[in-house]
Amino acid sequence: MPDKSTGSTVASPQKKYPLPKIVKPKALAGTVYRGNVGMWSWVLHRITGVAIFFFLLVHILDSTLLRVSPEAYNAVIGTYKNPIMGLGEVVLVAAIGIHALNGLRVILVDFWAWGMKHQKLLQWIGLALWIILLIGFVPRHLINVFSE
Amino acid sequence: MTVTIDSPRASTTKHHKGINLEKWGWVFMRASGVLLVVLIFGHLFVNLMIGHGVKALDFAFVGGKFSDPFWQVWDMLLLWFALIHGANGMRTVINDYAHNRLVGVVLKSFILLATIVLLTLGTLVIYTFDPCPAGSPADLLPSFCAGV
Ligand code: HEM
C-alpha cells in the first residue's frame, strides 16, 4: 500500500535561487589527504608503512636468536653486513624517513590550522628534511658496508 | 517502490553510547607516531651511525647495550609501540582492500596472532637476556663477562 509520507521526496530547489552549476575540474583538486601531491604522499605512506611492518616482523624474530646462542645470533646478524643487505638498509632507512616525515606532516595538518592551510609547504619541507637525512646517513653507512 | 531520501540538511550524527574505539585508534596512531620518531631514529643512530655502524653489530654489542636498563626500556617501548602502531595500520589497510568479509577476518586474525606472538617473544628476550651465557667462547661475549 503506497504511503504518501514515505514517497520519494527531495526538497525542490527554489526557482529564484538556482543551484550553482557544477563544472568538471580540469585536474583533480583533491582533498587534504588525496589528490595531486597529497595523494602520492598518501600512497607512499601506505606502501612504506606496510613494508616496514614486514621488516619489523623479521627483525624481532632475528633478535630472538639472542636467547638461543651467541653463535646463532652472530650468524644471522652477519648477513646484515653483506653489500646487498647494506643497500637494503639504505632502502629501509629511506622508507622509514618517508613514513616518519609524512606522518609528522599528517599530524601537523590534523591538529594545527596553520598546517592545514600550508600543507603543500609542509610537503616541501618534508622532502628537504628527507634529503638531508639521506645525505647524513647514506655515505657514512656505505663506507661502513664497503670498507673492511 | 518508494524511496525515502533524507532531507539534505538532516543531522547525520548518531550519538553512540560508550567509547569510540576508532577515534582512540586515530589518536593512538598520531601519539605513537610522534614517540616512534624519537625511538626509531635513536635506535638507528646508535646501531648504524656510531662507530663502525652495521659492521659492529653482534652478540657482544647487543649484550653491552642490554646490560644498561636505559636501552632495555628504550627497546621495550620501541617493540610495543612500533608493533601496535604497525598492526593497527595494517588493520586499516586490510579494511580498505579486503571486500570479502571472510578474507578480511582471516587476514586481521593473522596480524593479531603475529603481533601477540612477537610481543611475547620480544619482551621475553629483553627481560630474560643473559649477556654471559655459560660455556660460550669468551671472544663472542661482551668484555665485562671476563670478570664474572
Ligand atoms: C617513524 C615514526 C612514525 C610516524 C611518525 C608514523 C606516523 C603515522 C601516522 C600519523 C599514521 C596514520 C595515517 C592516517 O591515519 O592517515 C600512520 C599509519 C601507518 N603506519 Fe606509521 N608512523 C611511524 C612509524 C611506523 C612503523 C615503525 C610502522 C611499521 C611497523 C608503521 C606502519 C604504519 C602503517 C601500516 C600505517 C597505516 C597506513 C595507512 O593507513 O595508509 N609506522 N603512521
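Observations, loosely collected:
- A Förster radius of 45 Å combined with the Cβ-Cβ distance from A:VAL76 to A:LYS117 puts the calculated FRET efficiency at roughly 0.40.
- Hull volume in cubic angstrom per residue (convex hull over the Cα atoms of segment B:101-148): 91 Å³
- Here the alpha carbons of chain B define both size measures, Rg and Dmax, at 23.2, 87 Å.
- Note on B:PHE144 and A:LEU44: their simple-model spin labels are 4.2 nm apart, each label 7 Å out from Cα toward Cβ.
- With both labels modelled 7 Å from their Cα along Cα-to-Cβ, the A:MET85 to A:ILE131 distance reads 3.3 nm.
- Among A:127-140, A:51-64, the order from most to least packed when residues are scored by Cβ within 10 Å on average: A:51-64, A:127-140
- Scattering profile of the protein assembly as shown at q = 0.07, 0.14 Å⁻¹ [log10 I(q)/I(0), Debye over alpha-carbon scatterers]: -0.41, -1.19
- In segment A:34-147, the inverse of the mean reciprocal separation of distinct Cα atoms equals 16.1 Å; this is its Kirkwood hydrodynamic radius.
- Extension gain, B:VAL105 to B:THR120, is 3.2 nm, computed as 0.36 nm per intervening residue step minus the present C-alpha separation.
- Of B:LYS17, B:LYS55, the sequence from fewest to most neighbouring Cβ atoms within 10 angstrom is B:LYS17, B:LYS55.
Readers should treat all values here as calculations from the given coordinates under stated rules, not as data from a laboratory. For clarity, every value in this text was computed on a predicted model and none was experimentally measured. Because the Cβ atoms are built from the backbone with ideal geometry, glycine has one as well, and the counts that use them run over all protein chains shown.
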